[in-house]
Amino acid sequence: GDSVTQTEGLVTVTEGLPVKLNCTYQTTYLTIAFFWYVQYLNEAPQVLLKSSTDNKRTEHQGFHATLHKSSSSFHLQKSSAQLSDSALYYCALRLSNVGDNSKLIWGLGTSLVVNP
Amino acid sequence: GPKVLQIPSHQIIDMGQMVTLNCDPVSNHLYFYWYKQILGQQMEFLVNFYNGKVMEKSKLFKDQFSVERPDGSYFTLKIQPTALEDSAVYFCASSPDRAEVFFGKGTRLTVV
């Protein structure tokens with residue numbers, strides 16, 4: 001079936017250092033879109049990045065990700081982590097069905113802790 | 001940005017009782033969703049709703065579950081009767097066009 005895998009439950013990094021959160025997926029659908037959602041403490045999940053174009057880098061708030069269909073990946077990266085980046089990060093896959101429906105398939109989430 | 005409101009943030013209910021989870025979606029949105037997240041597990045799709053009808057539901061959307069949006073107001077998830085395994089955080093979401101989905105903060109339901 002369709003699935004999204006985030007291999008790390010917790011990533012700890014020192015402020016100013018680079019960070020990478022892994023996301024891979026499995027699906028038979030050809031038309032897909034990918035999202036990274038960020039959820040700060042006691043807040044709603046919100047879109048951080050989105051992409052549906054293969055091999056195109058997308059950026060927002062210093063984070064970037066590139067959808068690679070050849071390796072079924074959509075890893076999230078930042079060159080210099082900030083204390084305010086500490087949050088829960090979800091990778092999510094949207095399947096576009098013929099029947100005008102859509103739903104998100106979620107990874108387990110990765111908790112990012114940035115230390116001073 | 002647009003806000004989806006879920007009130008209350010936490011509900012405690014006796015097993016076997018009925019519970020209604022309320023969601024105030026973004027006013028001009030047309031698509032509505034419920035997701036369920038059990039502690040320590042991933043968020044899972046329950047149902048989506050459009051034009052007054054359930055469009056798709058997952059295996060998790062048991063017969064005891066129902067959704068409605070009467071008079072275009074709150075989008076509700078009703079569970080009747082509740083079971084212990086219904087304890088989870090329920091996230092409501094809405095979208096204007098399915099391109100981007102906006103989530104509420106979730107309601108933590110505890111069935112005792």
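The values are calculated or read from the model by the stated rules, or taken from the named source; none is laboratory data. Just so we're clear, the structure is a prediction, and the values are computed from it rather than from any experiment. For neighbour counting, all protein chains shown are included, and Cβ atoms are generated from backbone atoms with ideal geometry for every residue, glycine included. These area figures cover heavy atoms from the full protein model, side chains too; ligands, DNA and RNA do not enter into them. Shrake-Rupley method; radii C 1.70, N 1.55, O 1.52, S 1.80 Å.
Looking at A:Thr27, A:Thr5, A:Thr14, just one residue is at pLDDT below 95 and over 22 Å from B:Gly1 (Cα atoms), and that residue is A:Thr27. Restricting attention to region A:10-26, the residues that are out of contact with any Ser or Thr (no Cβ under 7 Å at 6 or more places or on another chain) and crowded, with 17+ Cβ neighbours inside 10 Å total 2. Checked against the criterion of being open to solvent by 80 Å² or more (accessible area, probe 1.4 Å) and in contact with a Leu (Cβ under 8 Å, 6 or more places away or on another chain), region A:44-54 has no qualifying residue. Picking from residues in region B:31-50 that are more than 10 Å from chain A (Cβ to nearest Cβ) and part of a loop (DSSP other than H, G, I, E, B), the one that is farthest from A:Gly9 (Cα to Cα) is B:Ile38.
Taking B:Ser27, is it among the hydroxyl-bearing types (Ser, Thr, Tyr) and either at pLDDT 95 or above or over 15 Å from B:Ala93 (Cα atoms) (or both)? The answer is no for B:Ser27.
Of the residues that sit in region B:96-112 and are assigned to a strand (DSSP E or B) and either away from chain A (no Cβ under 14 Å) or out of contact with any strand residue (DSSP E or B) (no Cβ under 7 Å at 6 or more places or on another chain) (or both), which one is most open to solvent (accessible area, probe 1.4 Å)?
Filtering region B:96-112 down to residues assigned to a strand (DSSP E or B) leaves B:102-103, B:107-111.
In the following step, the residues that additionally are either away from chain A (no Cβ under 14 Å) or out of contact with any strand residue (DSSP E or B) (no Cβ under 7 Å at 6 or more places or on another chain) (or both) were identified as B:109-111.
Numbers: B:Leu109: 2, B:Thr110: 42, B:Val111: 10 Å².
Among residues in region B:96-112 that are assigned to a strand (DSSP E or B) and either away from chain A (no Cβ under 14 Å) or out of contact with any strand residue (DSSP E or B) (no Cβ under 7 Å at 6 or more places or on another chain) (or both), the one most open to solvent (accessible area, probe 1.4 Å) is B:Thr110.
Can you confirm whether A:Val38 is touching a helix residue (DSSP H, G or I) at 6+ places or on another chain (Cβ under 9 Å) and within 13 Å of chain B (Cβ to nearest Cβ)? When the stated conditions are applied, A:Val38 passes them.
Can you report the number of residues in region A:71-85 which are over 14 Å from the mean Cα position of the chain (by Cα) and in contact (Cβ under 8 Å) with a residue 40 or more places away in the chain? Step through it out loud before you land on a result.
In the first step, residues of region A:71-85 are kept if they are over 14 Å from the mean Cα position of the chain (by Cα); the result is A:71, A:79-84.
Still in the list and also in contact (Cβ under 8 Å) with a residue 40 or more places away in the chain: A:71, A:79-83.
Number satisfying all stated conditions: 6.
Any residue at all in region B:46-53 that's open to solvent by 50 Å² or more (accessible area, probe 1.4 Å) and in contact with a Leu (Cβ under 9 Å, 6 or more places away or on another chain)? For region B:46-53, residues open to solvent by 50 Å² or more (accessible area, probe 1.4 Å) and in contact with a Leu (Cβ under 9 Å, 6 or more places away or on another chain): present.
Here B:Asn28 passes the criteria (1) within 17 Å of A:Ala92 (Cβ to Cβ); (2) out of contact with any strand residue (DSSP E or B) (no Cβ under 8 Å at 6 or more places or on another chain); (3) touching a residue at least 60 places away in the same chain (Cβ under 8 Å) except the one numbered (1).
Within region B:1-23, count every residue that is assigned to a strand (DSSP E or B) and open to solvent by less than 60 Å² (accessible area, probe 1.4 Å).
Of the residues in that region, 8 qualify.
Residues that are more than 17 Å from B:Asn22 (Cα to Cα) and touching an Asp or Glu at 6+ places or on another chain (Cβ under 9 Å) were ranked within region B:51-95; the one that is farthest from the other protein chains (Cβ to nearest Cβ) is B:Lys62.
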